[in-house]
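Q: What follows is a single structure, and I will ask about it in a moment.
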Amino acid sequence: MNHAMKLAESSRKLLMFSMLVVLFASLLASFIQNSGGRVHVQDIKIPTHNGQWVVADLYKPDSATADNPAPLVVVIPGFQRSKEALANIAIELSRRGIVIILIDPYAQGFSSASMSRLAATTEGYGMFAVVDYVADTNNLNYVDRSRIAAAGHSAGGNAAIRGASYFGKEAKATGNPSKLQSVFVSGYVLTLRDDVLKYVRSNVGVSYAFYDEGAYRNELKSGDMRRAPEALRAVNSGRAPDEHIDEIELGHYYGNEDDRTLRVVFNEKILHPFQPYIKEATAHQIEFFDRVFDLDSGFSSDDQVWYWKELLGLVSLIAALVALVPMGRLLLEIPYFKPLVHPVPPAPSKPSGKGLLLFWGLFIIGALIACFTYIPMAELSQKLFVAASTRQQTWFFPQRMNNAVMLWAVLNGSIGYLMFWLSYRFFGKKKGVLPEMWGARIKRMELWRTLLLALALFLFFFITLFTVYYFLHVDYRFLFMGVRTFQPPLLVLLAMYVPFFFIFLLSNSLRINGAMRFEGEAEWKSMLIGGFANSLGLMLIVVVQYTSFALTGTVYWTDGWLYVNLLFAVVPMMFVLPYFNRYFFRMTGRIYLGPMTTGLVFIMILISNTVIYIPL
């Protein structure tokens, strides 16, 4: 009893400490986001055509008033990204006096899906409608409607240049200046074509990662922009025919911002997904908008604070996840859940000789299977889930990217069960391993109570997040990895996806607690091995992809490179899953609470951070 009381007391202290860390880090992150109270940040929702809508964060500096209207930039994240993913540029531009509308692209975040299957191209991911709203109404009377711009990364960059073309064509027809005074195109050059650029009546900045993984699609199969035809066309589109150049001086401003012929190209030496998150690329955007808007904010382009918000978001994320453990332990003190607590089964002895060879052999085989099956499962998902893969609205597994991860999880979870059983049947059984050691035996009523406990932890985690977001307008985020609030329809998707992911999650809990827990072995070592066992196969994909890129200049998986990029967010989740499965196993003596809790929490994180083609 004394031990139980001490455990409960330590859990209360850890829970309180974790919550205080979340609160303190979120307060500081919010302080940075609103520039110490000088910028008001709020949600807005704009109804658009076809019954669609755009949700965005509006950053309004106090200096922007009806008597002193400020320029505005509509910021557009790329494919698989929500508005929070580009908060860095919104923070830096707004603290310099620029109004920002940071949108959730169509079919991402809280914005609706689109009736168009080419939403970035035909609607600017919703940016066209936002620009029309700002330019054609007086509602935002603190905005200088002659200085409206757009900026986006990746597919958001495509949306930006398409917007310049769209509004340029409109301007040609009406004889008025384009509603878009300027655009900044980051991480995308495929649509820097003559048929698009000929209508542009805006200043244009281009920024492309020198080591962009998608550069194999460029005309010269390279990320070097100095002689890239795409970049040359962009620059020459603002110059007279007799002034065309055949090599670009990077960072040099060509043309004149007053007649909207200004052109500039940057070429940061970074990978595509990390391009928005380096000071150099952010400084280039700041310099571009300072110039086209003729601003003197008093801040140099190197004076940046956004990365502190990212670090604080990471602290919040870690603390919020850690809080699940002491909260789970305290909930198990409630009489209804107390029957779920069982003694932790004895661990088998450490393997040696053939047993050790078998252990590491299965470890390597499992990693290789995970590696070699990911891309085939991604390709299979495109055939099984045709509507989502072709960007059509559907309720049948509407998440194009997560469908690939789900199929991979089902396959590898099933293979994990088979490998576990074969190991036990032909070796472990002979060495005295008993099924009772796995913690797999459970009664039906206990299973039901375990699910209710997992639901309670899910609610605790996300109610805390919603509370933080409601009062402080920040979530738990680090770069493109983040935990964000979600809309109610995602609960339907959670019920749709979790059962399939649970196959993998339960398999992992069985293996981490039944086959990777040994008598006398330090827990930290056991869980570290489990973390690598769960994520090594996907890590190998990233290693192969970028080793090929480093050696040949072309990524190994070209058509599937976006699925590989997805792994930057998936691999960290996979690595920490065994830790939760082990902690909850030690609390209950059973393997079920871990996968149920992580299935609800982590799958909701996954589905709320990816493109969703659900019907309007």
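Q: Using the Cα gyration tensor of the stretch 444-601, with a ≥ b ≥ c the square roots of its eigenvalues, what is the shape: rounded (a/c below 1.5), prolate (a/b larger than b/c) or oblate (neither)?
A: Working: a/c = 1.98, a/b = 1.20, b/c = 1.66.
Since a/c reaches 1.5 but b/c is at least a/b, the shape of the stretch 444-601 is classed as oblate.
Q: Here is a follow-up. Can you list, largest first and rounded to whole Å, the semi-axes you get for the stretch 34-304 by taking the square root of 5 times each eigenvalue of its Cα gyration tensor?
A: Numbers: eigenvalues 133, 82, 75 Å².
The three semi-axes for the stretch 34-304 are 26, 20, 19 Å.
Q: Taking R0 as 60 Å, what's the FRET efficiency between residue 146 and residue 8 from their Cβ-Cβ distance, rounded to 0.05?
A: Numbers: r = 64 Å, r/R0 = 1.07.
After rounding, the FRET efficiency stands at 0.40.
Q: Stretched out fully, how many nm does the piece from residue 24 to residue 43 gain, at 0.36 nm a residue minus the Cα gap? Don't skip to the answer; put the middle values down first.
A: Details: separation 19, 0.36 × 19 = 6.84 nm, distance 2.24 nm.
So the extension gain works out to 4.6 nm.
Q: I would also like to ask the following. Got a sec to turn the phi values of the stretch 366-378 into Karplus ³J(HN,Hα) couplings, 6.51 cos²θ - 1.76 cosθ + 1.60 with θ = phi - 60°, whole Hz, x for Gly and Pro?
A: Coupling constants for the stretch 366-378: x, 5, 5, 4, 4, 5, 7, 9, 5, 5, x, 5, 5 Hz.
Q: For a 32 Å ceiling on Cα separation, which of these pairs sit above it: 221/279; 383/430; 6/443; 13/83; 269/383? Spell out each step's value before the answer.
A: Numbers: 221/279 26 Å; 383/430 44 Å; 6/443 29 Å; 13/83 35 Å; 269/383 36 Å.
With Cα atoms farther than 32 Å apart: 383/430; 13/83; 269/383.
Q: A follow-up question, please. For the chain, what proportion of DSSP beta bridges, expressed in % and rounded to the nearest 5, is antiparallel?
A: Values: 17 of 42 bridges.
Of all bridge pairs located within the chain, approximately 40 percent are antiparallel.
Q: The stretch 103-138 to the stretch 531-550: how many Å between their Cα centroids?
A: 36
Q: Next question. Mean separation of Cα pairs under 8 Å and 6+ residues apart, divided by the residue count of the chain: what relative contact order is that in percent? Display every interim value, and only then the final one.
A: Numbers: 1134 pairs, mean separation 95.7, N = 616.
Rounded, it is 16 percent for the chain.
Q: Turning to a different aspect of this structure: Work the Kirkwood hydrodynamic radius out for the stretch 542-591: mean of 1/r over every pair of different alpha-carbon atoms, inverted, in Å. The partial results should precede the final answer.
A: Working: mean 1/r = 0.0769 Å⁻¹.
Computed over the stretch 542-591, the radius equals 13.0 Å.
Q: Multiply the residue separation of residue 349 and residue 528 by 0.36 nm, subtract the distance between their alpha-carbon atoms, and state the gained length in nm to one decimal. Intermediate results must be reported in sequence, preceding the final value.
A: Details: separation 179, 0.36 × 179 = 64.44 nm, distance 1.84 nm.
Gain in length upon complete extension: 62.6 nm.
Q: A further question follows. Looking at the square roots a ≥ b ≥ c of the eigenvalues of the Cα gyration tensor of the stretch 471-557, which shape do they give, rounded for a/c under 1.5, prolate if a/b is larger than b/c, or oblate?
A: Taking the square roots of the gyration eigenvalues as a ≥ b ≥ c, the stretch 471-557 is oblate.
Q: Whole-Hz ³J(HN,Hα) for each residue in the stretch 442-449, computed from phi via Karplus 6.51 cos²θ - 1.76 cosθ + 1.60 with θ = phi - 60°, x for glycine and proline: what do you get?
A: Once rounded to whole Hz, the list reads 7, 7, 4, 5, 5, 5, 5, 5.
Q: Highest mean first, how do 458-464, 399-405 rank when packing is the count of other Cβ atoms within 10 Å averaged over residues? Intermediate results must be reported in sequence, preceding the final value.
A: Details: 458-464: 17.0, 399-405: 25.0.
Per-residue Cβ counts within 10 Å, averaged per peptide and sorted highest first, yield 399-405, 458-464.
Q: Given H placed on each backbone N at 1.01 Å, which residues far from residue 206 in sequence or on other chains put an amide H within less than 5 Å of it?
A: Long-range HN contacts for residue 206: 185, 264, 265, 266.
Q: As a test, work out the antiparallel percent of DSSP beta bridges whose residues both lie in the stretch 34-304, rounded to the nearest 5.
A: Values: 14 of 39 bridges.
So the antiparallel bridges in the stretch 34-304 amount to around 35 percent.
Q: Determine the relative contact order of the stretch 34-304: mean sequence separation of Cα pairs under 8 Å and six or more apart, normalised by residue count, in whole percent.
A: Working: 613 pairs, mean separation 38.8, N = 271.
Computed value for the stretch 34-304: 14 percent relative contact order.
Q: Taking the simple approach of a point 7 Å from Cα along Cα-to-Cβ for both residue 392 and residue 330, what is their distance in nm?
A: 5.0
Q: Could you give the nm distance between label points at residue 194 and residue 303, where each point is 7 Å from its Cα heading toward the beta carbon?
A: The two pseudo-label positions are separated by 4.6 nm.
Q: Quick check: the angle from helix 279-292's long axis to the longest principal axis of the chain, C-alpha only, nearest 10 degrees?
A: That works out to roughly 30 degrees.
Where a number appears in this text, it was derived from the coordinates with a stated rule and is not lab data. Source: prediction; values computed, not measured. Glycine gets a Cβ as well: all are built from the backbone with ideal geometry, and neighbour counts include every protein chain shown.
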